[in-house]
Amino acid sequence: MVKLLKNEWRRYFLSLLILLCCLVGIAILIALCMVFSISVGEDESYNELLSNAGTVGLLSMLMMMIPFAGYVYPILSYATDVGKKGMIFLTPSPTWLVILSKLIFGVAAHAALLLVGDGLTWLLGFLADSCTNQDVVEAFYSVRLWETDHVLAWLLLRGQGLIFLVHTALLIMGSIALGRYASNSAPAQVLLAIVFYYLIGLIETLLQAIVVFIFNEGDGLFDWFVGLFESTSYSILFYLAYAIILYIICTVLTDKKVNLS
Amino acid sequence: MLQLENLGVRYGNQIALDGMWYNFLPGHIYGLVGPNGCGKSTLMKTAAGLLKNYTGTVLYEGKRIGTATRARVAYLPTHPVYYRYMSVEDMGAFYEDFFKDFDRNEYRRMISFFGLDPEQKMVNMSTGMVAKVRVAATLSRRAGVILLDEPLNGIDLIGQDQVRQIILSLELEGRIIIIASHMFDQLEAVCDHVVMMNAGKVLIHGDLQSLREQYGMSVSDLYRSTYAQLMQMQAGGGMRTW
């Protein structure tokens, strides 16, 4: 496993470094915007531009960049390896371990970016305190509140995020594996992978709906419908179960039609 | 010993290997030859443990070929397989990480012998240079079975001589070396056995000296006459001319 992770690290550390630099770069831009906002004081025309287009926009960008690595690395790595370039299948590493290493690396990369991103946002929160612009203060308020006053809730939220991430990565990887297994033609494989992606998503939602409906037998249809989407803990359990099933499907199919074949 | 017992592989309706039986013995260099599409590469992939959907049995030292046997089987695929981030040295590091039988010093010696820059990125190299790096990495393993699928593809004449020199210098005791090629002329100098294939089956096989004596011609000429006859038969008696 260590060697497999080392291989993933070698493949992607440069792009991970670039992503980290981008995060720091965006944080610096936000800080500059806020410093400028503080210096112009109550001037409304500047402040509106800074708060909406500048600081808050950049903050959203910072938050959106973080999950990127967690999804992209395992999927990119898997798609490359099952293609004609996958040296890893020439080694004596079993397929289940190869796929697991990709997921672990994706989760680790995501966690690293998350920590840096949250840390930067937390630090920027101090600067936001000095801001006179209410939009900027509010944008950072919730972040700081989560991280300082609700550590457990913050951890839970991030944990759920990781499970969701692993599930999505496996959903895409499983769809690729099914597409490759179903056809030998490359364009058909891509098309089938897309079809399988939506099909599995549909089956998952249906299963989830059926289970929630059974357990909410006494409630009305509306309550059940609202409950389905509101119950995060339910969803996470489902995602966890689906992720395990998808991991098995992905491993078995990849192993049956390993690359170079 | 590498044993193939009634080995069959199909790609859809197409038969790649048609119930093939053969035993590759240690201490020999086998030339696996035949026209395009006769099943050479499929046989190599199966022996490397990369093909799963086959019928029959492939055994190495009595154990079924699979993921675990890749630790003892070195395989050079016909198409270039490497990661884009890799330099020549990175390739060595990768092999060292995953193969216990890999000799990094031997690899460096071969890279130097080929006149390649260890720091150069593989993506910036020509096809021939990449082929040399891949040959060096594969032959630097002290594996029990070495499978080379078209190892001279893309390599210049001097480079081909160098590859042949390296193959001839390998310690053969307890090892099986199988080289697949459709250009047997290039391999006759290094092989001591030949397995000629056609339509997924063994057509003629044996050690080179016996075949030369038996047919009264060089093995390259035997190859040409054998496959010319086959083509004539397939063409309905008359060989097509240009």
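Just so you know, all these numbers are worked out from the coordinates, no wet-lab data involved. For clarity, every value in this text was computed on a predicted model and none was experimentally measured. Here Cβ is always computed from backbone atoms with ideal geometry, including for glycine, and neighbour counts include all displayed protein chains.
Some points to look at:
- Amide H contacts under 5 Å for B:R141: B:D103, restricted to partners 5 or more places along the chain or on a different chain, H placed in the peptide plane at 1.01 Å from N.
- Rounded Å value of the spacing that divides the Cα centres of segment B:159-219 and segment B:39-68: 21 Å
- Annotation: Cα Rg of segment B:159-242 relative to the compact-globule expectation 2.2 N^0.38 Å equals 1.26.
- Residue-normalised convex hull volume from the C-alpha trace of chain B: 144 Å³ per residue.
- Average Cα contact separation per residue, chain B, under 8 Å, 6 or more apart, as relative contact order %: 27 percent
- Neighbour-count ranking [beta-carbon atoms within 10 angstrom, fewest first] of A:I245, B:I178, A:I210: A:I210, A:I245, B:I178
- Counting beta carbons within 10 Å around each of A:S77, B:S126, B:S220 and listing the fewest first gives the order B:S126, B:S220, A:S77.
- Charged side chains reduced to their Cβ positions (Lys and Arg at +1, Asp and Glu at -1) give segment B:124-230 a dipole of some 320 debye around its Cα centre.
- Counting Cβ atoms of other protein chains within 10 Å of each residue's Cβ and taking the mean over peptide A:90-98 gives 5.
- Using θ = phi - 60° in the Karplus curve 6.51 cos²θ - 1.76 cosθ + 1.60, the 3J(HN,Hα) couplings for segment A:6-22 round to 4, 5, 5, 4, 4, 6, 10, 5, 5, 5, 5, 5, 4, 4, 4, 4, 4 Hz; x is entered for Gly and Pro.
- Across the alpha-carbon atoms of segment B:149-205, the computed radius of gyration and Dmax are 12.3, 34 angstrom.
- Dipole of chain B, positive end: most advanced residue of B:Q165, B:T127, B:P77 [Cβ charges, Cα centre]: B:P77
- Segment B:96-187: C-alpha gyration tensor shape, a/c 1.5 cut-off, then a/b vs b/c: oblate
- Spatially proximal lysines relative to A:K3 (Cα-Cα < 28 Å; intrachain offsets below 8 disregarded): A:K84, A:K85, A:K102, A:K256, A:K257, B:K45, B:K52, B:K63, B:K100, B:K121, B:K132
- Over segment B:38-134, the Kirkwood radius and the radius of gyration, each from Cα atoms, give a ratio Rg/Rh of 1.02.
- In sequence order, calculated HN-Hα J values of segment B:210-222 (Karplus, 6.51, -1.76, 1.60; Hz; x Gly/Pro): 4, 5, 4, 5, 5, 9, x, 7, 5, 5, 4, 5, 4
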